[in-house]
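Read through the structure below, which is laid out as structure tokens, and then see the notes.
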Amino acid sequence: MTLWWIGNAILLFVVFPIVVALLNRVLSAVERIRWAADDILAGGGRLAGQLEPVPGLLAKTDATVQQVAVGATRYAGSVAKLLP
């Protein structure tokens, strides 16, 4: 019975504080991860609000690329006529 009480005392005064300390470290890391995830979510929300004009800008870019392609084709045709 004495060994039983010694085992309980070791569990209570040695093992239990170590488990609590390790659990505290894990929980603090989880809290830091939660804060970082909340910051990422807030940043993503702000970014999503600024992406609304993108389809219009892409349409403008496509039109510009098409105009450049037409000019480049005319230029290449003229150069091809000049070269033997």
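When you have a sec, figure out the Kirkwood radius of the range 1-58 from all distinct Cα pair distances and drop it here in Å to one decimal?
On the way: mean 1/r = 0.0637 Å⁻¹.
Evaluated on the range 1-58, it is 15.7 Å.
Count charges around residue 46 for me, please; just the other residues with Cβ under 14 Å from its Cβ, Lys/Arg as +1, Asp/Glu as -1.
-3
I'd like the accessible area for residue 20, computed on protein heavy atoms only with a 1.4 Å probe and all protein chains in place. Round to 10 Å², please.
70
Return one number: the angle in degrees, 0 to 90 and rounded to the nearest 10, between the long axis of the Cα atoms of helix 54-82 and the longest principal axis of the Cα atoms of the chain.
40
Report the charge-dipole magnitude of the chain in Debye, nearest 20, computed about the Cα centre from +1 at each Lys and Arg Cβ and -1 at each Asp and Glu Cβ.
Working: 7 positive and 5 negative charges, 73 e Å.
Dipole of the chain, to the nearest 20 debye: 340 debye.
Suppose all protein chains stay in the model; what accessible area per residue would a 1.4 Å probe give for the chain, in Å²?
On a per-residue basis, the chain sits at 92 Å².
The values are calculated or read from the model by the stated rules, or taken from the named source; none is laboratory data. If you're wondering where the values come from, they're calculated on a predicted model, not measured in any experiment. Backbone-built Cβ (ideal geometry, glycine too); neighbour counts: all protein chains shown. Please note that ligands, DNA and RNA were not included when accessible areas were found on the heavy atoms of the full protein model with its side chains. Shrake-Rupley method; radii C 1.70, N 1.55, O 1.52, S 1.80 Å.
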